[in-house]
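Peer 1: Submitted below is the structure of interest, expressed as C-alpha cells.
The values are calculated or read from the model by the stated rules, or taken from the named source; none is laboratory data. Because the structure is a prediction, the values reported are computed rather than measured. FYI the Cβ positions are ideal-geometry reconstructions off the backbone, even for glycines, and counts take in every protein chain you see.
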Amino acid sequence: MSKSKSKSKKANSADVAVSEGGRKVMSNRAYEQELRHLHEELVKLQQWVVHHGLKVCIVFEGRDGAGKGGTIKAITERVSPRVFRIVALPAPTEREKSQLYFQRYIKHMPAAGEIVIFDRSWYNRAGVERVMGFCTPEQTTKFLQGVPLVERALVESGIILLKYWLEVSPEEQEKRLRDRIDDGRKIWKLSPTDIKSFNRWDDYTEARDAMFAASDTAWAPWFVARSEDKKRVRLNVISHLLAHIPYEAVPTEHVKLPKRKIGRYKAMDYPFRYIAEKY
C-alpha cells in the first residue's frame, strides 16, 4: 500500500468546517484539497491494477438520492475511462428477462487490468424490483439464496469485490429529490419510478434489511457509508476503497518533453468554420 496514503493533507480548522444549522460541513477549499490527494492515490491504484492485471469490481447501492452518482463521479473524474469503467444498465429487455438473471451483469465483469463500477447492480432484484412489484416474491427469495454463491464464484475467480450501501435519511432524501425538480441540470435524474417509490420508505427499509441478512458474507461484505454530507461521503468512500485494495506506486521514468522545431510546413489558408466565441 502506498506510504503517501497515510500522509493525508490537513487543512486549517477554519477551512475544514463551518457551522450550518448546528451541523459542521466541509468547506469547498478543504474538500478540493483532500480530493486532490485522494485522486493522486487513485491514479497510483490505477497504474498498479494495470501493471499487475488485477480485476476489481465495485458495487454502489442505496435509495434514490443517496449520492451514488456523485460518489462515482468523484472516483472517476481524474482516472482513465479505459481502466475505470462505469456500468449503469437500463431496464432489462424482453430477451434479458428470459435469461438467467445474473447473465446481463456477468458480461460486464472486469478483465485483467480493469476496475468496473456498478451504479446499481444485480441487487435491483432485492430492492426496486421487489418493492415496486417488478418481480415475484419467489424470484426475490431465489435471488437472495443464490447471490452469495454467485459472489463467492466471482471472488474465487480472482475478482476483488467491494459493495457499498450509501445510507441517507428520509429528510435528506426528500431535500435532494425536491432539488432535482427545481434544478434543470438534475431533472433527468428524477424518473417515474422515483416518484412512485417516494412513499415506500418502509418497504425499501425492509428490503434493505433482508438483502443485508442474506448477502453480507465474509467473502463479499457490505460496507455502509453515511451520505448526509455529499462531500464527506465521497472522501470517505474513496479513502475506504483505497485501504481495501492493496497497491503501491509503480516506478515510472521521469518524463521530459523533447525540443521541437516548428515552421517546416506553412499551413494552408483554409476557411475554417470556427464556432462562435460567446464567452
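Peer 1: Of the residues K189, K163, K230, which is surrounded by 13 or more Cβ atoms within 10 Å (Cβ to Cβ), in contact (Cβ under 8 Å) with a residue 24 or more places away in the chain and under 25 Å from Q33 (Cβ atoms)?
Peer 2: K230
Peer 1: With the structure loaded, tell me whether V233 is among the aliphatic types (A, V, I, L, M), out of contact with any Phe, Trp or Tyr (no Cβ under 6 Å at 6 or more places or on another chain) and modelled with pLDDT under 95 or whether it fails that test.
Peer 2: In short, no.
Peer 1: Within the stretch 72-87, take every residue that is among the charged types (D, E, K, R) and out of contact with any strand residue (DSSP E or B) (no Cβ under 6 Å at 6 or more places or on another chain) and give me the one that is nearest to R232 (Cα to Cα).
Peer 2: Out of the qualifying residues, it is K73.
Peer 1: Tell me which of these L241 doesn't satisfy, since it passes every other one: (1) under 15 Å from L166 (Cα atoms); (2) at pLDDT below 95.
Peer 2: So L241 meets the others, but not (2).
Peer 1: Can T193 be described as over 29 Å from M132 (Cα atoms), at pLDDT below 90 and either polar (S, T, N, Q) or over 19 Å from the mean Cα position of the chain (by Cα) (or both)?
Peer 2: Taking the combined requirement at face value, the residue does not satisfy it.
Peer 1: Hey, A91 hits all of (1) touching a strand residue (DSSP E or B) at 6+ places or on another chain (Cβ under 9 Å); (2) modelled with pLDDT under 95 but one; which does it fall short on?
Peer 2: (1)
Peer 1: Which helices (runs of 4 or more DSSP H) sit wholly inside the stretch 21-106 and have at least 2 residues that are of a type in the set (A, V, I, L, M) and surrounded by 20 or more Cβ atoms within 10 Å (Cβ to Cβ)?
Peer 2: 28-52, 68-76
Peer 1: Taking the conditions exactly as written (out of contact with any Asp or Glu (no Cβ under 6 Å at 6 or more places or on another chain), of a type in the set (S, T, Y), assigned to a loop (DSSP other than H, G, I, E, B) and at pLDDT 95 or above), does T252 satisfy them or not?
Peer 2: Spelling it out, it is not the case that T252 is out of contact with any Asp or Glu (no Cβ under 6 Å at 6 or more places or on another chain), of a type in the set (S, T, Y), assigned to a loop (DSSP other than H, G, I, E, B) and at pLDDT 95 or above.
Peer 1: Give me a count of the residues in the stretch 197-227 that are crowded, with 17+ Cβ neighbours inside 10 Å, in a loop (DSSP other than H, G, I, E, B) and not polar (S, T, N, Q).
Peer 2: Residues in the stretch 197-227 being crowded, with 17+ Cβ neighbours inside 10 Å, in a loop (DSSP other than H, G, I, E, B) and not polar (S, T, N, Q): 1 in total.
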